[in-house]
């Protein structure tokens, strides 16, 4: 009989915005799939992935996340999406989303790289609040390839490591190590920055990826996520060469520990 594990998905989405248009997933289908896979919580966001952002757009994204939270209060937890370039307004939006709407962290996309000074006020605020920042990340093989992705400012493990050293009290998550270019490069870049975690989400299911995360970072810094590749996301943890204790840490214990740190 196979061991059953609690599961908390740290990287999911209920909607996204592209060129000003909001696109929503069928939340009922998302929750049904999670239930079938034994995923008890989904940590979700609504990022702007293409086109310019305005504060009005950003608030619209966060309202979409909040609507899903209200619809499934026992299943969906929300990240506040913001653009760090709005400085004080971005910080106020995070405070609104966390303190008034009950969100649990911040989602950042590719509007700025993690090593750019513009992000520092926002990250210092999240460190003060002790809430996690989930960062869309990837390591393209060249700047030209990043342009082809439409993401010239995409962050990789090195950019996030630089930020982590500047704000050592921040809780940073390198998103979808299993999606977006050279995952081995990013894992190695994060070896010596203990305040950075990786989530296992993404459609890549290369053999040895999860084991390398654990070998270089320790199971305590690896978080289960799917980024909507849900069956593969569960399978890559169950199929990896891990102990059951390591699977427990990755599937739910590490993120529960992070969420308990929040300062009110």
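The values are calculated or read from the model by the stated rules, or taken from the named source; none is laboratory data. Just so we're clear, the structure is a prediction, and the values are computed from it rather than from any experiment. For neighbour counting, all protein chains shown are included, and Cβ atoms are generated from backbone atoms with ideal geometry for every residue, glycine included.
Here is how the numbers come out for the structure above:
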quantity	calculated
Selected residue (only one of 177, 160, 173 is assigned to a strand (DSSP E or B) and either within 14 Å of the chain's Cα centre (by Cα) or touching a residue at least 12 places away in the same chain (Cβ under 8 Å) (or both))	173
The lone exception for residue 153 - which of (1) surrounded by fewer than 17 Cβ atoms within 10 Å (Cβ to Cβ); (2) more than 25 Å from residue 178 (Cα to Cα); (3) within 19 Å of the chain's Cα centre (by Cα) it fails	(2)
Check on residue 230, over 21 Å from residue 164 (Cβ atoms), surrounded by 15 or more Cβ atoms within 10 Å (Cβ to Cβ) and in contact with a helix residue (DSSP H, G or I) (Cβ under 9 Å, 6 or more places away or on another chain)	yes
Selection count, segment 9-19, where residues are under 19 Å from the mean Cα position of the chain (by Cα) and either assigned to a loop (DSSP other than H, G, I, E, B) or free of Cβ contacts under 8 Å to residues at least 60 places away in the same chain (or both)	5
Enumeration of residues in segment 127-150 that are within 13 Å of the chain's Cα centre (by Cα) and touching a residue at least 60 places away in the same chain (Cβ under 8 Å)	131, 132, 134, 136
Positions within segment 86-112 being out of contact with any helix residue (DSSP H, G or I) (no Cβ under 8 Å at 6 or more places or on another chain) and in contact (Cβ under 8 Å) with a residue 40 or more places away in the chain, in sequence order	107, 109, 110
Scan of segment 46-68 for residues that are surrounded by fewer than 19 Cβ atoms within 10 Å (Cβ to Cβ) and in a helix (DSSP H, G or I), ordered by number	55, 56, 57, 59, 60, 63, 67
Among the candidates 77, 22, 43, residue that is farther than 17 Å from residue 227 by Cβ, part of a strand (DSSP E or B) and in contact with a strand residue (DSSP E or B) (Cβ under 7 Å, 6 or more places away or on another chain)	22
Matching residues, segment 59-74, being in contact with a helix residue (DSSP H, G or I) (Cβ under 9 Å, 6 or more places away or on another chain) and over 10 Å from residue 97 (Cβ atoms)	67, 68, 71, 72
Filter pass, residue 205 being in contact (Cβ under 8 Å) with a residue 12 or more places away in the chain and surrounded by 22 or more Cβ atoms within 10 Å (Cβ to Cβ)	no
Filter result for the condition that a residue is modelled with pLDDT of 95 or more and on the phi > 0 side of the Ramachandran plot, over 78, 51, 102, 85	102
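Residue-wise test of (1) more than 24 Å from residue 165 (Cα to Cα); (2) outside any strand (DSSP E or B); (3) more than 12 Å from the chain's Cα centre (by Cα).
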| site | (1), (2), (3) |
| --- | --- |
| 193 | no, yes, yes |
| 198 | no, no, no |
| 202 | yes, yes, no |
| 207 | yes, yes, yes |
| 210 | yes, yes, yes |
| 226 | yes, yes, no |
